[in-house]
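Since the structure comes first, as structure tokens, the remarks are kept for the end.
The values are calculated or read from the model by the stated rules, or taken from the named source; none is laboratory data. Keep in mind that this is a model prediction, so the values were computed, not measured. With ideal geometry, Cβ positions are generated from the backbone for all residues, glycine too; neighbour counts draw on all protein chains shown.
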Amino acid sequence: MPDPTSILVIGELVDGAPAPATLEAIAAARALGGGPVGVMLAGESVGNAAQTAIASGADAVYAIESALLADAAPDAVVAAAAAAVAAAGPRIVLGAKTLLGRDVMPRLAFRLGTALASDCTALALDGDGRLLATRPTYGGNADATVRCLGTPAVASLRPGTVDALEADATRTGEVVAVDAAIDEATVRTRSIERVEQAASGLRLEDARVIVSGGRGLGGPEPFEQLAELATLLGGAVGASRAACDAGWVPTSYQVGLTGKTVTPELYIAVGISGASQHMAGCANAKAIVAINKDAGANIFKDARFGVIGDWAKVLPAFTEQLHELLSGSTRQPG
Amino acid sequence: MTAKQVLDPETPLSAFRIEDDRVAAASNMAPVINGFDEQAVEAALRIKEAVDGTHVTVLSYGTDFALDVIKKPLAMGADDLVLLQDPAFENVIDPMLTVAALVAAIRKLGDVDLVLAGRQASDWDNAQVPAGIAEALGWPIATIAKHVEVDGTTVRVQRVLPDGHELVEAALPAVVTVSNELGAPRYPNMRGIMGARRIQPAVWSAADLGIEPTEVAPAFELVSLAAPERRVETEMITGDDDADAGRKLALRLREEHLV
Ligand SMILES: Cc1cc2nc3c(=O)[nH]c(=O)nc-3n(C[C@H](O)[C@H](O)[C@H](O)COP(=O)(O)OP(=O)(O)OC[C@H]3O[C@@H](n4cnc5c(N)ncnc54)[C@H](O)[C@@H]3O)c2cc1C
Ligand SMILES: Nc1ncnc2c1ncn2[C@@H]1O[C@H](COP(=O)(O)O)[C@@H](O)[C@H]1O
């Protein structure tokens, strides 16, 4: 039933379950308190994911099944999302700025006759029930709050800004099957091949400790020292865009606005100046440690602990001391 | 292809101000072309080199332009520059009018096969104008390219994924957004710079484009623009020398149970 007070979350399935970012968006939609929360789930089959979404706070699931949704081609997902919007008639459409959401949400917004408040870090309703969306701009140097004027309002949430709700299996909700009439012609950008390097070891997104290097390292070799330190701490190695662009490490190492968003307990930044675009990817780390020879580097503004010095002298002594501290104990990081 | 003139994202924070809900830089800071748009120029020029008869037109929307800045794509090797310039074409967070003007310009140009754009503009970080163009024209779109190749009636794009890449294909006409992984844009050479000096950009107003700015419904209204709060108290660790500071850092992190 179309409900003009409702909020529709454009969900995403990963391995048959709602993506963590989808559960976060459901929580954000609930927190707005505007009206019932529906979730679109689209895939080859939706199955148990609908129950997970309901347990995590959804009042209704709009399930769209099609073989053409198997690879989540953005063309097909946009069509599915538009069909879900037509079925739900919401006043707010909420997605997440994931890899898929980055492609789907702007297109969905324009298809609905409006634009997207993208990558939001806070959402609220004003007195008239309009969506107020706060989003970092200028690479994170300015937070803009906009009032969304579209009907519906369309926004996407930065992953990791809201906690998902505790799943409650006793919650109930409706599952509505929607026919999105997706045919072959819908998918105009075809995927020919997808190459994913199996992450050697820990994924950056999952790491509790990250040791990141920047242009200040001066070349690829020092990254071996970062890797040694990361291994010692049970963590992973990241990098700034400058280090990736220089070809010192693969682009998959990049942390930041246009790289990965990470939320480790400990983020050790070595030879990184702390440009706002870099910090956008790691500002939610519990503690940032900065090693930089420039006392005026921005990174120190965001760091819990800082050392002003040459990494080539600081890092070996730091690593050796940690070796000593950790060898005598069984304590795990964190 | 599209290119936006923006505040230099490398502007030091000390020269960066927010005043009356606008972002301003110290007056001695020159604007630049959005970095990803320079990469889109590079992608366009590589296609021009590979495919005979390719003509590269640069479209830029705004109220006022620093001509020596916005002409850089010409100096790099693009053929034409069209400025979509009108007092109503302000640089605001709302992309609706930008999209309307760019779409009208693409229609006015006529036989456009491929629109290359940057993955996002470094001021408002919207990452959606190209999607708006694709939706309005009903064209396919491929985003975050590190390699773009045109083959007859097809565009093949290597997209950057967080942990790899994806090869996608679409029939022309299409929209492609370019990322920094494409590689560094070329430097203009002397001949290019001299050539660019002689080219006068075309200037199209809202009326020339046949659009009525007040009739384009806005998507947003800016409520506030503010510097983000910093919540961190920084503890600087010092020692007798750099190595000593490194050792003390380890001990301090241990004390805090961070390692
Ligand atoms: C739209 C946009 C998106 C972007 N996205 C990202 C992103 O996702 N991720 C990202 O990282 N960047 C991103 N950037 C780029 C960002 O603005 C910076 O240019 C980049 O982060 C700088 O990398 P860096 O800190 O390694 O290099 P620099 O800024 O050059 O800093 C190097 C630092 O190393 C220090 N140093 C040098 N030698 C030593 C030494 N011997 N010992 C200790 N310290 C030393 C220097 O003091 C300096 O602070 C983006 C930019 C734009 C415009
Ligand atoms: N004012 C503009 N003039 C020309 N191109 C633009 C303009 N705004 C955005 N674009 C293009 O759209 C891309 C994405 O911008 P945005 O959606 O604003 O982040 C940019 O990299 C440009 O290629």
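Odds and ends about this structure:
Residue-by-condition table, conditions (1) over 27 Å from B:Thr143 (Cβ atoms); (2) surrounded by fewer than 17 Cβ atoms within 10 Å (Cβ to Cβ); (3) within 16 Å of ligand 1 (Cβ to nearest atom):
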{"position": "A:Ser191", "(1), (2), (3)": "no, yes, no"}
{"position": "A:Val195", "(1), (2), (3)": "no, yes, no"}
{"position": "A:Leu202", "(1), (2), (3)": "yes, no, no"}
{"position": "A:Gly216", "(1), (2), (3)": "yes, no, yes"}
{"position": "A:Leu226", "(1), (2), (3)": "yes, no, yes"}
{"position": "A:Leu229", "(1), (2), (3)": "yes, no, yes"}
{"position": "A:Trp248", "(1), (2), (3)": "no, no, yes"}
{"position": "A:Thr251", "(1), (2), (3)": "no, no, yes"}
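- Meets criteria (in contact with a strand residue (DSSP E or B) (Cβ under 9 Å, 6 or more places away or on another chain), more than 30 Å from A:Ala72 (Cα to Cα) and part of a loop (DSSP other than H, G, I, E, B)) for B:Pro218: no
- Filter result for A:Gly201 (outside any loop (DSSP other than H, G, I, E, B) and at pLDDT below 95): no
- Test set (1) facing chain B (nearest Cβ under 10 Å); (2) of a type outside the set (A, V, I, L, M); (3) touching a residue at least 40 places away in the same chain (Cβ under 8 Å) - A:Gly160 fails condition number: (1)
- For A:Ile272, the stated conditions do not hold, so it cannot be described as closer than 18 Å to B:Leu258 by Cα, over 17 Å from the mean Cα position of the chain (by Cα), buried (at least 20 other Cβ atoms within 10 Å of the Cβ) and within 13 Å of ligand 1 (Cβ to nearest atom).
- A single entry from B:Ser27, B:Ser14 fulfils the requirement of being more than 9 Å from ligand 2 (Cβ to nearest atom), modelled with pLDDT under 95, assigned to a helix (DSSP H, G or I) and over 17 Å from the mean Cα position of the chain (by Cα): B:Ser14.
- In the range A:225-270, the residues that are more than 16 Å from ligand 2 (Cβ to nearest atom) and hydroxyl-bearing (Ser, Thr, Tyr): A:Thr231, A:Ser240, A:Thr251, A:Ser252, A:Tyr253, A:Thr261, A:Thr263, A:Tyr267
- Number of residues in the range B:168-201 that are within 12 Å of B:Asp68 (Cα to Cα) and of a type in the set (Val, Ile, Thr): the value is 2.
- Of A:Ala83, A:Ala58, all but one fail to be part of a helix (DSSP H, G or I), more than 22 Å from A:Thr261 (Cα to Cα) and more than 14 Å from chain B (Cβ to nearest Cβ); the exception is A:Ala83.
- Leading residue by the ranking (nearest to B:Leu81 (Cα to Cα)) among those in the range B:1-12 that are within 14 Å of another protein chain (Cβ to nearest Cβ) and touching a helix residue (DSSP H, G or I) at 6+ places or on another chain (Cβ under 8 Å): B:Lys4
- Residues satisfying the stated conditions in the range B:103-123, i.e. in a loop (DSSP other than H, G, I, E, B) and away from ligand 1 (no atom under 13 Å from the Cβ): B:Gly110, B:Asp111, B:Val112, B:Asp113
- The residue that is nearest to the other protein chains (Cβ to nearest Cβ), counting only those in the range A:163-198 that are in a loop (DSSP other than H, G, I, E, B) and among the acidic types (Asp, Glu), is A:Asp183.
- Single match in B:Asn91, B:Asn126 (criterion: surrounded by 17 or more Cβ atoms within 10 Å (Cβ to Cβ), at pLDDT below 95 and either within 13 Å of ligand 2 (Cβ to nearest atom) or outside any strand (DSSP E or B) (or both)): B:Asn91
- Of the residues making up the range B:149-189, those that are closer than 18 Å to A:Asp103 by Cα and in contact (Cβ under 8 Å) with a residue 60 or more places away in the chain are B:Ala174, B:Val175, B:Val176, B:Thr177, B:Val178, B:Ser179, B:Asn180.
- Within the range A:123-133, the set of residues being part of a strand (DSSP E or B) and surrounded by fewer than 19 Cβ atoms within 10 Å (Cβ to Cβ) comprises A:Ala124, A:Leu125.
- Within the range A:231-245, the set of residues being surrounded by fewer than 22 Cβ atoms within 10 Å (Cβ to Cβ), more than 19 Å from B:His165 (Cβ to Cβ) and within 12 Å of chain B (Cβ to nearest Cβ) comprises A:Leu232, A:Gly234, A:Ala242.
- One residue stands out among those in the range A:301-321 that are assigned to a helix (DSSP H, G or I) and touching a Lys or Arg at 6+ places or on another chain (Cβ under 8 Å): the one that is surrounded by the fewest Cβ atoms within 10 Å (Cβ to Cβ), which is A:Glu320.
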